[in-house]
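*Asks:* Got a structure for you, written out below as structure tokens; questions coming shortly.
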Amino acid sequence: MTIQLKAKKSRTFKFFSFLILMISTTIICLRLFNIPPILEVISSESGMEFITAILFFLLSLGLLGSHGKSKPSLILYRVSIFCVLVISILTIGQYFLSNLQNINATFEPDTLASNFQRKTPLATAICFLLIGVSILGIQSKSKKVKSIINGLIFITWVINFIAIIIFILNIPSKNADFLIPIPIHSSLIFFFYSGFLLFKNDSKTLNELIFGNYTGSNLIKSSGPFVFGMIMIMGLVLIYLINNEQVDVNVGLIIYSIIAVVFSLTNIFVVAIQLNRSDQEKIIYENALHASIKEIKQYKEALDSCSLVDITDMNGTIISVNDKFCEISKYDRKELIGKTHRVINSGHHSKEFYADLWHEIKNGKVWIGDIKNKNKNEEFYWVHTAIIPFKNEFGEIYQFLTLRQDITKHTLLALQYKNLKLKNKELEQFTYIASHDLQEPLRTVRSMISILQEDYSSKLDDDAQLSLNFMTEATDRMSELIKGLLDYSRIGRGKELITVNTNEIILEITKDLATIIEKNDAIITADDLPIIMAYKTEIRLLFQNLISNAIKFQKENGQPKIHISALEDNYYWKFSVKDNGIGIPEKDNRNVFGIFKRLHKRSYYDGTGIGLAHCEKIVHLHGGEIWVDSKVNQGSTFHFTILKNSLNEPY
């Protein structure tokens, strides 16, 4: 039970005790000052006796004193309850010992003694005795004492419950003093007093029974009022019929029994149906709960197998870690529990980094980022981290769940890739500069050869002329190679992505290659091709190289047939350039894209061997891949992909 609920019950009980104190004080004053109109009411058969009012006064004083912690309060509490016990015992004794005079006559003022000499009912005296004993032991912490006290209070509650029913049904008692009805106001006070004491002494059980949402509690709340109301109404109707001689006692009891059985069975069936429905819903919820628990267990197993998981309190102290955390950190679980994450702090991140992290999660936000940690062996590792704050029912953060993914390899690869891009950039710059500088001495050599051929041709023999021719061809080939290197290094340099209509690109290429196409009687067809975001010059060079190669590498006396198509994917455009040429051996399908890679002798097919290397670089520049499907003498199909929205930047 919460502290607020206990305080509320204590205030309610004090208020009720104070109310009874006021009522009993009023009755005592009316008795003492002999006010006739009121005395006619309280002197009737159902009136509250003077001694009863005194006992209620003392009982209320004792209960109010029991809530205080000061010494006067405790003295008041003990003296008052002691007086209640003494007077109760004397009142009970007068029923069994003839030499004891009427206690009422002792306490009753002389003005009233002649009119009111009846004894206090035995049941009333017993109730005061039981309540007095219960109040004396209600502060005990012993479970056994509490159980006995609960029994005594419950007996008091039952006695007065019966007295209330007797009053409602107007049942007379003729045979024994004990059966003299307790006055209705006294019964009601005892009834509520004992009920409050039961809740005070054993609040948990009664709260669950009366106010809980359990099956037994629901049964009491649904059936209790119905059964009690039915019995009382039927009893009143039966008494009315008997008193007015509508039916005799025997017939009335038969009718009462039949109706009681019918109503009771109906109530039982209704309750049984409700309980069955409740059990069916319970089974459904239990099955759903088992399925959820099983699913959560599977999630946990999956999470534990691939993630480092730990739970910390509000101050960052580790409460729990999984096996993966121990495996990566190299720490034993006992070495981590009770520590903070400083134990794996690598010192790589600044204080401001962690200050921002804590600011985020303490404001209830999920923090996600990469952290560099250090294991027990002083080895560094990177983790992709998500820290999730957990909140209670009041919205207050009470702990944090941290999920980590070991990304050490990915981080190292990313760093290597970054370094590789820098090196690649440096290499391309070197290639560009070297190729450009090589052109000048090559031109000089070519000029010297031309001078020798023009000025000294008559003085050179045939062998010398042949050598000069070889030198000329070699310098021309070197010039082409250097030009190819320059073109390769310039691909994508300083360009911007623009909208490119690939249908127009194919038309332009066929116009530029019209002479070669006509010479080889080539047939070029294309599907409806897409509009893409690309580097226009590079895309044109890509298609031109593939179409030129398809025409060049043709079977002897064959007619080149080339078809260009495109398919759309979620993220890419996939282009295909299909030919019916000589094909490529399967073992060379990958090597064909190497720079200066030639599969055939220059005497069969001319070229530098750099065209497909250009194609691969252009495709990679657009975030795609290029590959070839080919069979010897059956043709080749070059496939490449282009990102729909290329995020790649030019070199």
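*Asks:* For region 391-421, which residues satisfy the criterion of being surrounded by 15 or more Cβ atoms within 10 Å (Cβ to Cβ) and assigned to a loop (DSSP other than H, G, I, E, B)?
*Replies:* Ile407
*Asks:* Working only within region 348-369, note down all residues that are of a type outside the set (Phe, Trp, Tyr) and open to solvent by less than 70 Å² (accessible area, probe 1.4 Å).
*Replies:* Passing the criteria: His349, Ser350, Ala355, Leu357, Glu360, Ile361, Gly364, Gly369.
For every residue, the table says whether it meets (1) within 26 Å of Lys409 (Cα to Cα); (2) not in a loop (DSSP other than H, G, I, E, B).
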residue	(1), (2)
Ile311	yes, yes
Leu357	yes, yes
Glu360	no, yes
Ile371	yes, yes
Lys376	yes, no
Ala386	yes, yes
Pro389	no, yes
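*Asks:* When region 158-206 is examined, which residues are found to be at pLDDT 60 or above and polar (S, T, N, Q)?
*Replies:* Asn160, Asn170, Ser186, Ser187, Ser194, Asn201, Thr205
*Asks:* Within region 121-158, track down each residue that is under 9 Å from Ser194 (Cβ atoms) and either in contact with a Phe, Trp or Tyr (Cβ under 8 Å, 6 or more places away or on another chain) or among the charged types (D, E, K, R) (or both).
*Replies:* Cys127, Ile131, Thr156, Trp157
*Asks:* Please verify whether Lys409 is more than 30 Å from the chain's Cα centre (by Cα), under 28 Å from Arg342 (Cα atoms) and modelled with pLDDT under 90, treating the condition exactly as stated.
*Replies:* Answer is yes for this residue.
*Asks:* Checking Ser292 against (1) modelled with pLDDT under 85; (2) open to solvent by less than 70 Å² (accessible area, probe 1.4 Å): exactly one of these is not met. Which one?
*Replies:* Unmet for Ser292, out of (1) modelled with pLDDT under 85; (2) open to solvent by less than 70 Å² (accessible area, probe 1.4 Å): (1).
*Asks:* Of the conditions (1) closer than 30 Å to Tyr95 by Cα; (2) at pLDDT 70 or above, Pro225 satisfies every one except a single condition; which number is it?
*Replies:* (1)
*Asks:* Do we find a residue being surrounded by fewer than 17 Cβ atoms within 10 Å (Cβ to Cβ), part of a helix (DSSP H, G or I), at pLDDT below 90 and among the aliphatic types (A, V, I, L, M) anywhere in region 533-546?
*Replies:* Within region 533-546 (the criterion being surrounded by fewer than 17 Cβ atoms within 10 Å (Cβ to Cβ), part of a helix (DSSP H, G or I), at pLDDT below 90 and among the aliphatic types (A, V, I, L, M)), the answer is no, since none of the residues qualifies.
*Asks:* Between a residue in region 551-567 that is touching a residue at least 12 places away in the same chain (Cβ under 8 Å) and closer than 8 Å to Asn580 by Cα and any residue that is surrounded by 16 or more Cβ atoms within 10 Å (Cβ to Cβ) and of a type in the set (Lys, Arg), which pairs come within a Cβ distance under 9 Å, given they are 6 or more apart or on different chains?
*Replies:* Pairs found: Pro560/Lys552; Lys561/Lys578; Ile562/Lys578.
*Asks:* For Thr25, which of the numbered conditions (1) within 24 Å of Thr120 (Cα to Cα); (2) at pLDDT 75 or above; (3) open to solvent by less than 10 Å² (accessible area, probe 1.4 Å) fails to hold?
*Replies:* With respect to (1) within 24 Å of Thr120 (Cα to Cα); (2) at pLDDT 75 or above; (3) open to solvent by less than 10 Å² (accessible area, probe 1.4 Å), Thr25 is out only on (3).
*Asks:* Now for a separate question. Identify, please: which residue in region 515-532 is of a type in the set (A, V, I, L, M) and in a strand (DSSP E or B) and is, among those, surrounded by the most Cβ atoms within 10 Å (Cβ to Cβ)?
*Replies:* Here the residue is Ile532.
*Asks:* Going by the conditions given, is Ile451 assigned to a helix (DSSP H, G or I) and at pLDDT 75 or above?
*Replies:* yes
*Asks:* Could you say which residue among Val251, Val261 is open to solvent by 60 Å² or more (accessible area, probe 1.4 Å), in a helix (DSSP H, G or I) and at pLDDT 80 or above?
*Replies:* Result of the check over Val251, Val261: Val261.
The values are calculated or read from the model by the stated rules, or taken from the named source; none is laboratory data. Worth saying up front: this structure is predicted, and the values here are computed from it rather than measured. All Cβ positions, even for glycine, are placed from backbone atoms using ideal geometry, and neighbour counts span all protein chains on display. All accessible areas refer to the heavy atoms of the entire protein, side chains included, with ligands and DNA or RNA removed. Shrake-Rupley method; radii C 1.70, N 1.55, O 1.52, S 1.80 Å.
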